[in-house]
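What follows is one structure encoded as structure tokens, with my remarks underneath.
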Amino acid sequence: MHYFNVLIVDDEEDFLDTLMNRLKKRGIDTAGCSSGEKAIALIKDKLFDVVILDIKMPGGMDGIETLREIKKIRPDTEILLLTGHGSVETSVEGMKEGAFDYLLKPIKLEALLERVAKALEKKDTEEHRRQSEQIRKAIKYW
């Protein structure tokens, strides 16, 4: 049986840890890392259904560069962009590069889970639709 998993990429360690823990408590298989380079290494080794990707990251690769590389390696992976800087122009650029959607930080967990559910539905398989419904039930429960 296929179960979906999520990769969270964010350089803010506290945010990353908190979000990973909140998703895991809801039964979502979650991995995390703090840079684009680490994300690319993980993507090469494991299939992730959804990547939650911060746009603004210091260091070698920003979120848009990471998005481009992920789409080269795993074109079917859905990517949700996060921005804490209100950079709508960059988010729109990310959408043109293949991101599924974007959210502004601070994010509400329910809104994020709803976007993850929609990203799974886009995959258009029975299993992904079922998982999407499970997420929506979890949103209502919590």
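The values are calculated or read from the model by the stated rules, or taken from the named source; none is laboratory data. Remember, it's a predicted structure, so these values are computed and weren't measured experimentally. Cβ coordinates were reconstructed from backbone atoms using ideal geometry, including for glycine residues, and neighbour counts include every protein chain displayed.
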* Asked: Among the residues of region 17-42 satisfying the criterion of being part of a helix (DSSP H, G or I), among the aliphatic types (A, V, I, L, M) and under 14 Å from the mean Cα position of the chain (by Cα), which is farthest from GLY60 (Cα to Cα)?
  -> LEU23
* To do: Mind telling me which of the residues LYS108, LYS72 ends up being exposed (fewer than 13 other Cβ atoms within 10 Å of the Cβ), free of Cβ contacts under 8 Å to residues at least 12 places away in the same chain and more than 27 Å from ARG136 (Cα to Cα)?
  => LYS72
* VAL9 under 12 Å from the mean Cα position of the chain (by Cα), surrounded by 21 or more Cβ atoms within 10 Å (Cβ to Cβ) and more than 25 Å from ARG130 (Cα to Cα) -> yes
* Filter region 32-49 for residues that are under 19 Å from ALA119 (Cα atoms) and surrounded by fewer than 16 Cβ atoms within 10 Å (Cβ to Cβ) and give the result. => LYS46, LEU47
* Asked: Of all strands (runs of 3 or more DSSP E) completely enclosed by region 44-131, which ones contain at least 1 residues that are at pLDDT 95 or above?
  -> 50-54, 78-83
* To do: Working only within region 88-107, note down all residues that are acidic (Asp, Glu) and within 13 Å of the chain's Cα centre (by Cα).
  => ASP101
* **Index of the failed condition, ARG115 passing every other in (1) over 15 Å from VAL9 (Cα atoms); (2) more than 14 Å from the chain's Cα centre (by Cα); (3) of a type in the set (Lys, Arg)** => (2)
* Asked: Yes or no: THR18 surrounded by fewer than 18 Cβ atoms within 10 Å (Cβ to Cβ) and polar (S, T, N, Q)?
  -> yes
